[in-house]
Amino acid sequence: MAQGLAVAKVYAFASVDYPGAAQSLVLDSDGTTAVGAFDFDPSNDTGLTAFTFAGGVYQILTVPSSIISVATGINGTGLIVGLYIDLAGALRGFAINGGTLSNVDFPGASQTQVIGVNDAGQMVGGYSDAAGIGRGFVSDGGTFTAIDFPGATTTSAAGINAAGDIVGGWSDAAGFHGYLLQAGVFTQIDFPLATRTSAVGINDSGEIAGSYSDAAATEHGFIYAGGAFSTVDVAGARSTQLTRIKNEGAVTGVYSDALNEQHGLTGQ
């Protein structure tokens, strides 16, 4: 996979901030409903709470028996996935379909988080095995398959498209890298000269969204399409992260302003 640089696309961004929150994250959208999490006071460690935003209306997404909850993905049928910490302090995945919540736990894992879902309901995420090693997974109809980048110390899976192509991140002694898993073949994804790269979203055209850190440790969003990278930054932001790119090219993510406060974003 050639990894060159392309001319950056210019996006029109809009902030998505849960009313009164000091921190808001937008992790996905189906074009009508955006999902993410908010925190009223991060300094007091009050914890993130999942929310939805549709038609100009913000709503808390109730995850029973949770201390912290984050909605990480939504597909075209309205299925919402995410992660939460339960009352016992365990990290678990969830799926909400038509108002009904189901837990998503990798068999035998001490921790599970669901990060992405496609329109067929295939879910991807990460889990900790019995040895405490972070590994990725894909769940198809309740059947779980582990994902491990060759030679990695840890692996996570974050996005999946209609073809079943998966993107995510992996680490080794040199740092953290992105990857694409397509037809059983892994391809490493590193933004040129970046110190860290994370691939998070992939659409049905194979366009990939994520973030990278430059030599000054500043985080930028990126799109990888047609064999080339484009940097995507919110004007004036201290950092930008992209979390999804949809089939029509719309993106979601998070940015930090001059005061280092985090805001959700949508872009077209």
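Only the coordinates and a few stated rules stand behind these numbers; no lab work does. No experiment lies behind these values; they were computed from the predicted model shown. All Cβ positions, glycine included, derive from the backbone under ideal geometry; neighbour counts span all protein chains shown.
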Handout entry: Residues whose placed amide H lies under 5 Å from that of PHE40, excluding near-sequence neighbours
Key = ALA22
Fill in the blank from the handout: Once THR62 and ASP214 are pulled to full extension, the length gained, defined as 0.36 nm per residue separation minus their Cα-Cα distance, is 51.0 nm
Practice task
Would you please give the residues with an amide H less than 5 Å from that of PHE176, counting only those at least 5 places away or on a separate chain, with H modeled from the backbone geometry?
Solution key: THR197
Problem - Selection from LEU180, ASN75, ALA237, by position along the positive dipole direction of the chain (Cβ) - result: LEU180
Exercise for the section: Please get the size of the charge dipole for the chain, origin at its Cα centre, with Cβ charges of +1 on Lys and Arg and -1 on Asp and Glu, quoted in debye to the nearest 20. Expected result: 140 debye
Problem - Proxy reagent accessibility, fewest Cβ within 10 Å first, across VAL232, VAL200 - result: VAL232, VAL200
Fill in the blank from the handout: A correct Karplus calculation of ³J(HN,Hα) over the range 216-233, with 6.51 cos²θ - 1.76 cosθ + 1.60, θ = phi - 60°, whole Hz and x for Gly and Pro, returns 8, 6, 8, 8, 10, x, 8, 10, 10, 8, x, x, 9, 9, 10, 7, 10, 10
Problem - Theoretical gain in end-to-end length, ALA120 to ALA235 [0.36 nm per residue, Cα-Cα removed] - result: 37.8 nm
Fill in the blank from the handout: Pseudo-spin-label distance ASP204 to SER102, built 7 Å along Cα→Cβ, given in nm, is 2.3 nm
Practice task
Set the Förster distance to 51 Å, then compute FRET efficiency between ALA90 and VAL10 from the Cβ-Cβ distance, nearest 0.05.
Solution key: 0.75
Fill in the blank from the handout: Diffing the range 187-196: the Karplus 3J(HN,Hα) column from phi (6.51, -1.76, 1.60, θ = phi - 60°), in whole Hz with x for Gly and Pro, holds 10, 6, 10, 10, 5, x, 6, 6, 8, 7
Handout entry: Residues ALA163 and ILE133, FRET efficiency given R0 of 30 Å [Cβ-Cβ distance, rounded to 0.05]
Key = 0.60
Practice task
Would you calculate the separation in nanometres between label points at ALA22 and GLU261, each defined as 7 Å from the Cα along the Cα-to-beta-carbon direction?
Solution key: 1.0 nm
Exercise for the section: Note down the Stokes-Einstein diffusion coefficient of the range 83-180 in µm²/s, whole number, using a Kirkwood radius over alpha carbon pairs, 37 °C, and 0.692 mPa s. Expected result: 240 µm²/s
